[in-house]
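Asks: This is the structure I have questions about; it appears just below.
Bear in mind these aren't lab numbers, they're just calculated from the coordinates by the rules spelled out. Keep in mind that what you see is a predicted model, and the values were worked out from it rather than measured. Ideal geometry is used to build each Cβ from the backbone, glycine not excepted, and the neighbour counts take in all protein chains shown.
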Amino acid sequence: MDLGPGPVSIQLNVNNQAQSINCEPCLTLLQVLREKLGLTGAKQVCDRATCGACTVLVNGKRVYSCSILAIDAQDAKIETVESLAPDGTLDALQQAFVAADASQCGYCTPGFIMSATAFLADNPSPTKEDIRKGMCGNLCRCGTYAGIEEALLSMSKTPKTSAMATEGRKRG
Amino acid sequence: MADYSWPIAGSRTTIGTDVTRIDTPLKVTGRAAYTTDVQAPGMLYAVTVGCPYAHAKIISIDTSAAEKVPGCKAVTVIQKPGTEIFWAGDDVVAVAAVDELSAQLAAKAVKVQYSELPHLVLDASPHPPDGFAQPMKPEVQGDPDGAFAKAAAVVQATYSMPVITHCCLEPHGSVVAWRSGALDVHISTQSVSGIVTQMSKALGVPASKIRVRAEFEGGGFGAKLAADRWGLAAAQLSKLAGGLPVRLIVNRRTEQETGGCRPSAYGTIKLSADAKGNLTGWESETWGTGGVTGGADFPVPYLFNVPNQRKQHTTIINNIGSARSMRAPRQPQACLLTMCALEDLAAKLGMDPLDLVLANIALTGPRAKIYQEEFSVAAKAMDWTKRWHPRGKGSAGPIRQGLGLSFHTWAGTAHPAACSLTINSDGSVAVSAGTQDIGTGTRTVMAIIAAETFGLQVGDIEIQVGDSSLSSSAGSGGSGTVGGMGSATRRAAVDALQALFAKIAPALHADPSKLKAAGGKVTDGQSTVTWKQACAAIGALPITARGVNPGAGALNDSGVGGVQMADVSVDVETGVVSINRLVAVQDCGLIINRKATLSQCYGALIMGVGYALFEEKIMDQNLGRMLNPNVEFYRLCGIGDIGTLEVHLMSGKGYDERGIVGCGEPPVISPGAAISNAVANAIGVRVPSLPLTPDRVLAALGVPS
């Protein structure tokens, strides 16, 4: 395999489409998705596997795409947030995020959606504690966690109560 | 004159209900386009060269090697030789190249010589070396010494909170094209309309030739109100590159080091009360730093006008990077110093802090009654009276539980705002403004108000924001966006509806003043037509109306308060603090979107847990640099850290009549103090400094490190 440092040809399977890309082997999967394929749903925030804004699925598992090289993802099935609503119809998890107001500025949201997609595939009926452990690899600065937890609990096959003990008080 | 006042309670269909945001579908699908997502044909990638020293003078700059790097298209000097640099990471040169790798190589080839100058990046002492401190004049009110002499109890202690960073997830940045004398700017900003004026002034381009866009913005919190060196450098590079668009997005290190920080606060506070718990004397020596830009003063004593006071503040002018306004500037600092001293005094008096606060509530001025009501709601939610125990007198095991309280105020004044509203003959309605949606829910607020006014559904209204070619509106700061845009939208909608009524009244043989729009219909009580039928009468030219926020009055007001209580557990063997529950009671005038208002409160509480337990911009005096300019060692609050959050919004009679008051910022003020107080209540001693990390907790407990 040609390892550069100049551009080399790599083959990726992204959202069930074969992609042939000419790029430097030092580029991360995130850089290739965003810059070469125009899939800008995954975001670059911490750029070192902490915040989860770049989360995509690689062979169905959650991966920080900032922290693997595109050249190393060649034999894998890669799924990005763009694969979830190809015709614009939101899937059930996306709808749950919308209903629970689980997004404010929205920059972390695609990463959370992808992370939650894989999380729910592994655990279709998570408890609050499961969610707090299983979703801790993604960070949000606006503080939408209560909404995210509510969204995931609403997806659970056995509904539970959420962290949001909301009771807006009405007077008069 | 048209009646613009808000529909009264009971007659509202949409305002104040839980409305799902209209733009979230774009965010959950990744289709929302942020500045970092903008791709333009021929776009160049820019990288900046930052000064490695905290304080230095630029001696010389040699960009010749950089210009020869293959792919490099432009080099611009941001700060010339001879310029004094006041913080590490400040930008000196920017380069643009055909791709990011080439730009990085070109940036590496830039040679800058500096002459280092003495620096200070610490702030723990109020008496730093000469030149680094700006003491303010002492202020005295009444007779503090007399008050302390006669007091039944006096406490004195030093409390502090460090500099923290905004840590916006979308870093600062822009994509700028400067061609044919015009600037086309995409920029991650909280102030779409304001950037036009700033760039016009700085670059000498007429404002009419500048278009600024920020369709979506990935977090600002006060750090993104300016074009910054970065926006201006992107413009210069584009001009040098013959008008090609230039993308300059700062990296995470730059964002954390220089993209904005909140000033620190330290204070040695002396507070006294008489035997009944009436506050009698306050004395404070306070200090803090916001780097070279100041802004490190804060209003103490917070909320309480203690009768006898002596206070003196010193601003430390050091080299940490420049402070920027951050969510309720100056308030969390003043709140922490005051509320911690207050609970320490209560402990010394053997009083429940809630009783001490309520005994002194008259000292808070005109909002006293509302605070009282809010404390009563919070105490009930927390079951305070039953669950509170004297300091350190809870369970004896290794996990100690405790309660703490705090309260706050904020102006939330509606900002200057304008919008344009169109009703088309097909019945469609569009509202547009040069405002922005930074997570506020601006679009949804505008849609709710138009829908309410026209008797339509939120989904019937098309909203466009984030473009300076639309009606100028102020930046999103001071929690003023909902009040400003809400008031402007209401006025435009009422005017447009009057125009529609005037047009259709003859056909309906109706008196236009008797017509009403509700439930998708227009009626005078006798003749009824659907909204669409009514709009068909509009004719060739649509109805357009411009709405402007008239300022404080019937539609919006200033001044809100909030009360918070924290329930924590502390492991006295490891020093780890966990949040069990936070209760927040917040008033905010007329609520437009209850769901988004609650989200703002939850978000503020979560940010509050972050700065109470985790966040600190750690500086190294030898290096002069930030040691944790990233996200793994600059720790944000995670989903597992939040405990249970409970928000009570004070609304309805007595609150709604004030119109809109902003509430995006105030709930972030109290968590630091409430959590610190709860920890003190749990473990029996005060942990004097935020964040309440395990090492600080163990040190306060006297555990040898």
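Asks: For B:LYS386, which aspartates and glutamates qualify as cross-link partners when the Cα separation must be under 20 Å and same-chain residues fewer than eight apart are set aside?
Replies: Answer for B:LYS386, where 20 Å is the Cα cut-off: B:GLU343, B:ASP352, B:ASP355, B:GLU373, B:GLU374, B:ASP567, B:GLU646, listed by chain and number.
Asks: Charges at C-beta only: +1 for Lys and Arg, -1 for Asp and Glu. How large is the resulting dipole of the protein assembly as shown about its Cα centre, in Debye rounded to 20? Can you show the working numbers first?
Replies: Details: 75 positive and 76 negative charges, 187 e Å.
Result for the protein assembly as shown is approximately 900 debye, rounded to the nearest 20.
Asks: Ranked highest first by average number of other Cβ atoms within 10 Å, how do B:182-191, B:66-75 line up?
Replies: Values: B:182-191: 25.3, B:66-75: 18.2.
Ranked by mean Cβ neighbours within 10 Å, highest first: B:182-191, B:66-75.
Asks: Something else now. In whole Å, what is the distance between the alpha-carbon centres of region A:1-72 and region B:188-233?
Replies: A separation of 31 Å, based on Cα centres.
Asks: Counting only other chains, and only Cβ atoms inside 10 Å, what mean value do you get across the residues of A:107-113?
Replies: 6
Asks: Can you pick out the pairs among B:LYS150/B:LYS311; B:LYS27/B:LYS224; B:LYS516/B:LYS595; B:LYS150/B:LYS617; B:LYS73/B:LYS617 whose Cα atoms lie more than 30 Å from each other?
Replies: Flagged as over cut-off: B:LYS150/B:LYS617; B:LYS73/B:LYS617.
Asks: Separation of region B:107-151 and region B:436-477 by C-alpha centroid, Å?
Replies: Here the two parts' Cα centres lie 43 Å apart.
Asks: I've got another one for you. Mind putting a number on the dipole of region A:92-155 about its Cα centre? Charges go on the C-beta only, +1 for Lys and Arg and -1 for Asp and Glu, and I need it in Debye to the nearest 20. Could you put the intermediate results ahead of the total?
Replies: On the way: 4 positive and 6 negative charges, 31 e Å.
The calculated dipole for region A:92-155 is roughly 140 debye.
Asks: Rank by packing, highest mean first: peptides B:683-696, B:215-228, with packing defined as the count of other Cβ atoms within 10 Å averaged across residues. Intermediate values should be presented prior to the final figure.
Replies: On the way: B:683-696: 19.6, B:215-228: 25.5.
Result, highest mean first: B:215-228, B:683-696.
Asks: Which residue, chosen from B:PRO390, B:ALA265, B:ALA680, occupies the Cα position most advanced towards the positive end of the dipole of chain B, where the dipole is computed from +1 (Lys, Arg) and -1 (Asp, Glu) charges on Cβ about the Cα centre?
Replies: The one lying farthest along the dipole's positive direction is B:ALA265.
Asks: Okay, which of region A:82-98 sit inside 20 Å, backbone N to the point 7 Å along the Cα-Cβ direction of A:GLN17?
Replies: Correct set: A:82-91.
Asks: Sort B:307-317, B:548-558 for me by packing, meaning the mean count of neighbouring Cβ atoms within 10 Å per residue, highest on top.
Replies: Values: B:307-317: 20.4, B:548-558: 18.6.
Highest-to-lowest ranking by the protection proxy: B:307-317, B:548-558.
Asks: Now, a different point. For the protein assembly as shown, build the charge dipole from Cβ charges (+1 Lys, Arg; -1 Asp, Glu) around the Cα centre, then report which of A:LEU37, B:TRP287, B:VAL631 sits farthest towards its positive end.
Replies: B:TRP287
Asks: In whole Hz, with x marking every Gly and Pro, tabulate ³J(HN,Hα) for region B:483-497 from phi via Karplus 6.51 cos²θ - 1.76 cosθ + 1.60, θ = phi - 60°.
Replies: Once θ is set to phi - 60°, the couplings for region B:483-497 become x, x, 5, x, 5, 4, 5, 4, 5, 4, 5, 4, 4, 5, 5 Hz.
Asks: Relative contact order for chain B: what is it in percent, counting Cα pairs under 8 Å that are at least 6 residues apart? Walk me through the numbers on the way to the answer.
Replies: Working: 1885 pairs, mean separation 115.9, N = 705.
About 16 percent, as a whole number.
Asks: Oh, and also: Return the sequence-ordered ³J(HN,Hα) values of region B:337-348 in whole Hz as given by the Karplus equation 6.51 cos²θ - 1.76 cosθ + 1.60 applied to θ = phi - 60°, using x for Gly and Pro.
Replies: 4, 7, 5, 5, 4, 5, 5, 5, 5, 4, 4, 5
Asks: Report the one residue of B:THR574, B:ALA56, B:PHE298 whose Cα lies farthest in the direction of the positive end of the charge dipole of the protein assembly as shown (charges on C-beta: Lys and Arg +1, Asp and Glu -1; origin at the Cα centre).
Replies: Going by the charge dipole, the pick is B:PHE298.
Asks: May I ask for the net charge around B:GLY559, where only other residues with Cβ less than 12 Å from the Cβ of B:GLY559 are counted and Lys, Arg are +1 while Asp, Glu are -1? It would help to have the intermediate numbers written out before the result.
Replies: Details: positive: B:ARG367, B:ARG658; negative: B:ASP557, B:ASP587.
Counting the neighbours of B:GLY559, the net charge comes to 0.
Asks: Same structure, new question: So, with +1 on the Cβ of K and R and -1 on the Cβ of D and E, and no other charges, what is the size of the charge dipole of chain B about its Cα centre, to the nearest 20 debye? Intermediate values should be presented prior to the final figure.
Replies: Working: 59 positive and 59 negative charges, 156 e Å.
Dipole size: approximately 760 debye.
Asks: Where a Cα-Cα gap under 30 Å defines reach, which lysines qualify for B:LYS68, not counting those fewer than 8 residues away within the same chain?
Replies: Answer for B:LYS68, where 30 Å is the Cα cut-off: A:LYS36, B:LYS57, B:LYS80, B:LYS108, B:LYS111, B:LYS239, listed by chain and number.
Asks: How big is the antiparallel share of DSSP beta bridges in the protein assembly as shown, given as a percent to the nearest 5?
Replies: Approximately 75 percent, going by the DSSP bridge assignments.
Asks: Now for a separate question. Do any cysteines of chain B lack a neighbour Cys whose Cβ is under 4.7 Å away, and which are they?
Replies: B:CYS51, B:CYS72, B:CYS167, B:CYS168, B:CYS261, B:CYS335, B:CYS340, B:CYS419, B:CYS535, B:CYS601, B:CYS637
Asks: Residue by residue through B:373-386, how many Cβ atoms from other chains fall within 10 Å of the Cβ on average? Before the final figure, lay out each step's value.
Replies: Working: counts 2, 1, 0, 0, 3, 0, 0, 1, 3, 0, 0, 0, 0, 0.
The per-residue average across the peptide is 1.
Asks: Using a 10 Å cut-off on Cβ to Cβ distances, tally the other chain neighbours for every residue of B:97-108 and report the average as a whole number. List each step's numbers first, then the result.
Replies: On the way: counts 0, 0, 5, 4, 6, 0, 0, 0, 0, 0, 0, 0.
Average per residue, whole number: 1.
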